[in-house]
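Asker: Below are the structure tokens for one structure; questions will follow.
The values are calculated or read from the model by the stated rules, or taken from the named source; none is laboratory data. No experiment lies behind these values; they were computed from the predicted model shown. Cβ sites come from the backbone with ideal geometry, for glycine too, and all protein chains shown count toward neighbours. Heavy atoms of the whole protein, side chains included, go into the accessibility calculation; ligands, DNA and RNA do not. Shrake-Rupley method; radii C 1.70, N 1.55, O 1.52, S 1.80 Å.
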Amino acid sequence: ELAKEIMPDKLIYLSSFTENEQVILRLSNADSHILLSEGMAIKLNQTACNQIDFENNQPLIYEDISKETDFEELKKISEKININSYLGIPISLTNGEKFGTLCVVHQDAAHFDTKSISLLQKVAKMFSYYLMLEKLAYKDSLTGLYNREFLFAFFKEYSELGGTLFFLDLDGFKKIND
């Protein structure tokens, strides 16, 4: 929502990376002109996000993809989903691991000003801090296992779907744990 305040006339989306795919997690709005949807998975080698400089935390900017001469495959894919301008901001976790991208797209050529790019980079940084805080809140730092707070939050959100809870009591575990 904050990113949408910075660039209200463009479609903004948040994505995460798996080993081979980019997954669209959230769209700022359903833009009928741009053929992206939440949950959509795209092969990573077919995305512009694949070319973002994560090491130097630099955004990737294409103000008019139709005029790009080096990326014919990217042009074809962009035309297919009706994108002609693209801004991709890298999102890395605090340990340096790639998470995904905060992207801004439009069906027409568009200019991305320095101030807006800088603000979006700050939004991406805040999101990476949010992910770190969520991990600290929901996972045990020693074992990496989800804790009671995660169970409460997860149960509150998904309890209507049904499910099963397992409780495990290990006799004498305190001696092993100590």
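Asker: Give, to the nearest whole percent, the P(r) tail of region 33-112 beyond 16 angstrom, counting all Cα pairs. If you can, show how the numbers build up before the last one.
Answerer: On the way: 1626 of 3160 pairs.
Considering region 33-112, 51 percent of its Cα-Cα pairs are separated by more than 16 Å.
Asker: Run the simple label-point estimate for Arg26 and Asp178 please: 7 Å along Cα→C-beta, distance reported in nm.
Answerer: In this crude label model, Arg26 to Asp178 measures out at 4.5 nm.
Asker: So, one more: What order do Thr47, Thr143, Thr114 take when sorted by accessible area (1.4 Å probe), most exposed first?
Answerer: Heavy-atom accessible area, descending, gives Thr114, Thr143, Thr47.
Asker: Continuing with the same structure: Quick check: the angle from helix 114-138's long axis to the longest principal axis of the chain, C-alpha only, nearest 10 degrees?
Answerer: For helix 114-138, the angle is close to 10 degrees.
Asker: Is the shape of region 1-60 best called rounded, prolate or oblate, per the rule: a/c under 1.5 gives rounded, else a/b larger than b/c gives prolate, else oblate, with a ≥ b ≥ c the square roots of the Cα gyration tensor eigenvalues?
Answerer: oblate
Asker: Could you give the angle, 0 to 90 degrees to the nearest 10, between helix 72-81's Cα long axis and the longest principal axis of the Cα atoms of the chain?
Answerer: Helix 72-81 sits roughly 80 degrees off the main axis of the chain.
Asker: In a Gaussian network model over the chain where Cα atoms closer than 10 Å are linked, find which of Ala137, Ala48, Ala124 has the largest mean-square fluctuation.
Answerer: Per the Cα network of the chain with a 10 Å cutoff, Ala137 tops the list.
Asker: Pick out which of Leu25, Leu168, Leu93 has the largest mean-square fluctuation in a Gaussian network model of the chain, springs linking Cα atoms closer than 10 Å.
Answerer: Judging by the Gaussian network model, the answer is Leu168.
Asker: Sticking with this one: Taking only the alpha-carbon positions of region 82-178 and ignoring solvent, what does the Debye formula give for the base-10 log of I(q)/I(0) at q = 0.17, 0.18, 0.23 Å⁻¹?
Answerer: The Cα Debye sum returns log10 ratios of -0.93, -0.97, -1.16.
Asker: Next question. Express in nm, to one decimal, how much length is gained between Leu168 and Tyr146 on full extension, taking 0.36 nm for each residue of separation and deducting their alpha carbon distance. Present the calculation step by step, with values, prior to reporting the outcome.
Answerer: Working: separation 22, 0.36 × 22 = 7.92 nm, distance 1.45 nm.
Full extension of this stretch gives 6.5 nm more.
Asker: Ignoring chymotrypsin sites (Phe, Trp or Tyr not before Pro) that are buried or in helix or strand per DSSP, and keeping those with at most 11 other beta carbon atoms within 10 Å, what is the longest stretch of the chain between them?
Answerer: 1-165
Asker: I'd like the distance between the alpha-carbon centres of region 118-178 and region 16-89, rounded to an integer number of Å.
Answerer: Cα centres, region 118-178 to region 16-89: 31 Å.
Asker: Would you tell me the accessible area of Glu5, worked out with a 1.4 angstrom probe on the heavy atoms of the protein chains, in Å² to the nearest 10?
Answerer: For Glu5, solvent-accessible area is about 140 Å².
Asker: Taking a 20 Å limit on the Cα-Cα distance, which of the listed pairs Lys98/Lys125; Lys10/Lys115; Lys43/Lys98; Lys98/Lys122; Lys125/Lys156 fall beyond it? Write out the running numbers ahead of the final one.
Answerer: On the way: Lys98/Lys125 12 Å; Lys10/Lys115 16 Å; Lys43/Lys98 16 Å; Lys98/Lys122 16 Å; Lys125/Lys156 28 Å.
Over 20 Å Cα-Cα: Lys125/Lys156.
Asker: Follow-up. Which of these, Asp108, Asp70, Asp53, has the largest mean-square fluctuation under a Gaussian network model of the chain (Cα springs below 10 Å)?
Answerer: Asp70
Asker: Dipole of the chain (Lys/Arg Cβ +1, Asp/Glu Cβ -1, origin at the Cα centre): which of Leu36, Gly88, Gly162 lies farthest to the positive side?
Answerer: Gly162
Asker: Here is a further query. Relative to the present Cα-Cα distance, how much length would full extension add between Thr69 and Glu160 at 0.36 nm per residue of separation?
Answerer: 27.6 nm
Asker: What does the charge dipole of region 44-178 about its Cα centre add up to, to the nearest 20 debye, if the Cβ of each Lys and Arg holds +1 and the Cβ of each Asp and Glu holds -1?
Answerer: On the way: 14 positive and 20 negative charges, 74 e Å.
For this selection, approximately 360 debye.
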